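Reading through the structure tokens given below for one structure.
The values are calculated or read from the model by the stated rules, or taken from the named source; none is laboratory data. Just so you know, these numbers come straight off a predicted model, no measurement behind them. Please note: Cβ atoms are built from the backbone with ideal geometry, for glycine as well, and neighbour counts cover all protein chains shown. Each accessible area value is taken on the protein alone, full model and side chains, heavy atoms only, with ligands, DNA and RNA left out. Shrake-Rupley method; radii C 1.70, N 1.55, O 1.52, S 1.80 Å.
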Amino acid sequence: MVVIGVCLLDIPFSRNIYHLIAPNFGLGFAIGMVVDSSMMPHMGYLVDLRHVSVYGSVYAIVDVAFCLGFAFGPAISGTLVKEIGFNWMLWIIAIINFLYAPLLYFIRNPPG
């Protein structure tokens, strides 16, 4: 999450297309490693610890969250860009990532 925040902070300072290569690579790599590949197994592990091992429902809930993000994100971001600007939108999202990152420490070793 910290890598995502740093990359989001770098994008508004880009002055040409070549300055966007590293931050976009970092965003894609961090989102792919954190969200896509590690969140689903972690959700399955949490289900194993606390509930009956029925993975379909937890994966469906996580997938709905992804789909809602992809559905509402572009609509909301268009309004945000119009109201506060692209740079401020990225800075606010980066700040939210920095504030959210320490909370991930609490799900590192969940109680059984």
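Quick rundown of the values:
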{"item": "Debye intensity ratio in log₁₀ form over the Cα atoms of the stretch 72-112, taken at each q of 0.14, 0.26 Å⁻¹", "result": "-0.46, -0.84"}
{"item": "Two-site FRET efficiency, V6 against S37, from Cβ-Cβ distance with R₀ of 25 Å, rounded to 0.05", "result": "0.80"}
{"item": "The chain - convex hull of alpha carbons, volume per residue in Å³", "result": "108 Å³"}
{"item": "Projected-area average for the stretch 4-64 over all orientations - Cα convex hull basis, square nanometres", "result": "5.1 nm²"}
{"item": "Fraction of accessible area attributable to carbon and sulfur, the chain (%, probe 1.4 Å)", "result": "74 percent"}
{"item": "Computed label-point distance, nm, for sites L20 and L68 using a 7 Å Cα→Cβ extension", "result": "3.0 nm"}
{"item": "Using a Förster distance of 35 Å, the FRET efficiency for F13-N109 (Cβ separation, nearest 0.05)", "result": "0.40"}
